[in-house]
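To keep things clear, I will list the structure first and then write my remarks on it.
Derivation of every value follows stated rules applied to the coordinates shown; laboratory data play no part. None of the values given here were measured: they were computed from a predicted structure. Positions of Cβ are generated from backbone atoms using ideal geometry, with glycine treated the same way; all protein chains shown enter the neighbour counts.
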Amino acid sequence: MVNAKAVEAAYQVAKERYAEVGVDTEAVLDKLQTIRVSLPCWQGDDIHGFLTPDAKLTGGIGVSGDFPGGARNPEELTSDLDEAFKLIPGKQRLQLHQIYAVTNGKKKDLSEVGPEDFKYWVDWAKENGVLLDFNPTFFSSPKVKENMTLSSPEKSVRDYWIQVGRNGRKISNYFGETQGVQSIDNFWIMDGMKDEPISRLDPRERLIESLDEINKEKFDEKNTIESYEGKLFGTGVESYTVGSHLFYNNYALTRNKLWCMDIGHFHEAVDPSDYLSSFLAFGRGMFLHVTRPVHWDSDHVPAMNDMLIRVMRALIRDNLLNKTTIGLDFFDGSINRVAAWVIGTRSAQKGLLLGMLAPIDELKEAERNYDFTLRLAETEELKSFPFGAVWDEFCLRNNVPVGMDWFKELKNYEANVQLKRN
């Protein structure tokens, strides 16, 4: 077990080092404490949900791996989340998909799911100090017609999914009303084509019409606001994605909504950090999905790699946190699913912390004065500063395990809870 006195001693040294360059680590820790990250509930059970848990995943998504002990019901999923939150410093948020409705044994179609089916989650969240966000589910359903939902050429198909979207907005509004904090209602649809379409415009015009129809009912935005998530492509929709990055970017701008930028939905050679200031110079706000692309459009557990660091630095350096809610979006069945939540969230928090531990105002002033020598010299020296000691102190103050101590606790939970499910 990590020695708390050693952690505190190392932090004091780090505090002095950062003070030398004008960084107040106490102020940084206070700021980090206020930032909630929205975890994806679907990591805990490989996106099966509770409505039709045996349904085949469709829509260009898929979960690989068969690590034992995945959650099979609401009680097991919330138990796993409780364990994860014990190992993550600070208070967080949780994203729920519509298929995670708890209907108490009543058989319901997806289009019939409403706020009453999420009371279980609202009660659990209130008890645990967790804030809830929402995602209407537009995939893994027999009502998907040839990889089309809201953009389908068939009105009956569109009408079905419009009803799903309407109900989703009511559920998100219910979250906001009960928790007293705005819930983000994030739309991602699978629609696209495997081969080249004749018309790229027609499906997009139908999607605009469907989304506008969903949004006709007015809700108080102190309770809920919509965000729209673009995608590069997915399996089965390799040639054409209706809801592309640019499509939803423009839809959010013209409807005064949020754009959801998922950094795992970009090719790994693209730097999504530049999109933050480009969009937020015009846009109302952003729901950021932090994940990790590997070779193509994918959703791996976030690691504190160069891309994640650049994204978090962009948020901090340009003071964009006030217009951004940070969420995670990944699903990995090849490793312990609770560990994935812990690793991904702690990596995102570390990226934020690293971005804050810099004399940003001084560096901006140097840049304005064309002092690019100072800019490069100081940013390079900061790379060897004792960032890890500040992170350990943050964990210690939040009464969560420091270093690999969290993994020891996780392995105990795995042996005594998860593996006994099988």
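Given the range 35-356, what percent of its DSSP beta bridges are antiparallel, to the nearest 5?
Details: 5 of 33 bridges.
Roughly 15 percent of the beta bridges in the range 35-356 run antiparallel, per DSSP.
Which trypsin sites (Lys or Arg not before Pro) from the range 342-409 combine a DSSP loop assignment with at most 13 other Cβ atoms within 10 Å?
Numbers: sites: Arg346, Lys350, Lys364, Arg368, Arg375, Lys383, Arg397, Lys408; in loops: Lys383.
Here the sparse-neighbourhood loop sites are Lys383.
Between Pro136, Ala377, Ser278, whose Cα lies farthest towards the positive end of the dipole of the chain when Lys and Arg beta carbons carry +1 and Asp and Glu beta carbons carry -1, centred on the Cα centre?
It is Pro136.
Determine the alpha carbon to alpha carbon distance for each of Lys91/Lys119; Lys5/Lys383; Lys108/Lys222 and list only those over 27 Å.
Lys108/Lys222
Just check the range 19-141 against the gyration tensor rule for me: Cα atoms, a ≥ b ≥ c as the square roots of the eigenvalues, rounded for a/c under 1.5, and otherwise prolate or oblate depending on whether a/b exceeds b/c. Let's see the in-between values first.
Numbers: a/c = 2.37, a/b = 1.94, b/c = 1.22.
It is prolate, given that a/c is not under 1.5 and a/b is the larger ratio.
What does the charge dipole of the chain about its Cα centre add up to, to the nearest 20 debye, if the Cβ of each Lys and Arg holds +1 and the Cβ of each Asp and Glu holds -1? Mind showing how you got there, number by number?
Working: 50 positive and 64 negative charges, 146 e Å.
The dipole magnitude comes to about 700 debye.
By its C-alpha gyration tensor, with a ≥ b ≥ c as the square roots of the eigenvalues, how is the range 309-422 shaped: rounded for a/c under 1.5, else prolate for a/b larger than b/c, else oblate? Don't skip to the end; give the middle numbers.
Working: a/c = 3.27, a/b = 2.28, b/c = 1.43.
Prolate shape, in that a/c is at least 1.5 and a/b is the bigger ratio.
Run the dipole for the range 214-271 about the Cα centre, Lys and Arg Cβ at +1, Asp and Glu Cβ at -1, nothing else charged, and hand back the magnitude in debye, nearest 20.
Numbers: 6 positive and 9 negative charges, 65 e Å.
With only Lys, Arg, Asp and Glu charged at Cβ, the dipole is about 320 debye.
What size of dipole, in debye to the nearest 20, comes out for the range 232-311 about its Cα centre when the only charges are +1 on Lys and Arg C-beta atoms and -1 on Asp and Glu C-beta atoms? Before the final figure, lay out each step's value.
Values: 5 positive and 8 negative charges, 88 e Å.
Using Cβ point charges on Lys, Arg, Asp and Glu, the range 232-311 gives about 420 debye.
Describe numerically, in nm with one decimal, the distance between label points set 7 Å from Cα along Cα→Cβ at Glu367 and at Thr254.
Label at Glu367, label at Thr254, 3.2 nm between them.
Quick query: amide H of Ser38 versus all other amide H atoms, modeled in the peptide plane; which residues come in under 5 Å with a sequence gap of 5 or more or a different chain?
When sequence neighbours closer than 5 places are left aside, the close amide H contacts are Arg93, Ile326, Gly327, Leu328.
Considering the options Gly344, Ala358, Thr224, tell which one lies farthest towards the positive end of the dipole of the chain, charges being +1 on Lys and Arg and -1 on Asp and Glu at the Cβ, about the Cα centre.
Result: Thr224.
Quick one: plug the Kirkwood hydrodynamic radius of the chain (C-alpha pairs) into Stokes-Einstein at 10 °C, 1.306 mPa s, and report D in µm²/s.
Working: Rh = 22.4 Å.
My calculation gives 71 µm²/s for D.
Please name which of Leu32, Gln98, Phe67 has its Cα lying farthest along the dipole of the chain towards the positive end, using unit charges on Cβ (Lys, Arg +1; Asp, Glu -1) and the Cα centre as origin.
Gln98
By the gyration tensor of its Cα atoms, with a ≥ b ≥ c the square roots of the eigenvalues, what is the shape of the range 1-68: rounded for a/c under 1.5, prolate for a/b over b/c, or oblate?
Working: a/c = 4.03, a/b = 2.72, b/c = 1.48.
In terms of gyration-tensor shape, prolate.
May I ask you to list the aspartates and glutamates whose Cα is less than 15 Å away from that of Lys86, ignoring any residue fewer than eight positions away on the same chain?
Reachable aspartates and glutamates: Glu127, Asp405, Glu409, Glu414.
Under 12 Å Cα to Cα from Lys408, which aspartates and glutamates show up? Leave out anything in the same chain fewer than 8 places away.
Those aspartates and glutamates meeting the cut-off do not exist here.
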